[in-house]
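Peer 1: My questions all concern the structure below.
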Amino acid sequence: QVQLVESGGGLVQAGGSLRLSCAASVSSAMGWSRQAPGKQREWVGSITSIGSTNYAVSVKGRFTISRDNAKNTVYLQMNSLKPEDTAVYYCYAGLGARNYWGQGTQVTVSS
């Protein structure tokens with residue numbers, strides 16, 4: 001059974017930084033999505049098993065995804081946070097034809 005556990009969310013002022021972690025029970029390509037209240041889930045970015053990354057335009061240059069393969073852990077470093085980054089952030093792992101999701105962690109950015 002694939003398990004993903006996110007941590008590191010919280011409340012931060014605009015312009016601040018947070019780092020989210022996602023510990024996985026498997027080694028695979030992984031990524032992050034987020035869902036703000038009343039909005040659809042939005043893809044944030046992803047990282048392959050060898051460390052190649054891609055980002056949504058809305059976060060490129062501010063967010064960085066990295067991974068520690070020895071720990072099966074993926075990180076989302078978020079800098080220059082904006083109030084519109086407020087959302088529940090979910091990590092996912094891609095295995096075969098499906099994605100597995102974590103439970104989510106709340107990030108709130110105050111203005």
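No value in this document is a laboratory result; all are computed from the given coordinates. Computed from a prediction, not measured in an experiment: that's the story for all the values here. Reconstructed Cβ throughout: ideal geometry from the backbone, glycine too, with neighbour counts over all protein chains shown.
Peer 1: Pick out, from region 19-111, the strands (runs of 3 or more DSSP E) lying fully within it that include 1 or more residues that are touching a Lys or Arg at 6+ places or on another chain (Cβ under 8 Å), among the aromatic types (F, W, Y) and closer than 15 Å to E6 by Cα.
Peer 2: Per the criteria, 73-78, 87-95.
Peer 1: Got a number for residues in region 51-66 being loosely packed, with under 14 Cβ neighbours inside 10 Å and farther than 18 Å from L81 by Cβ?
Peer 2: 3
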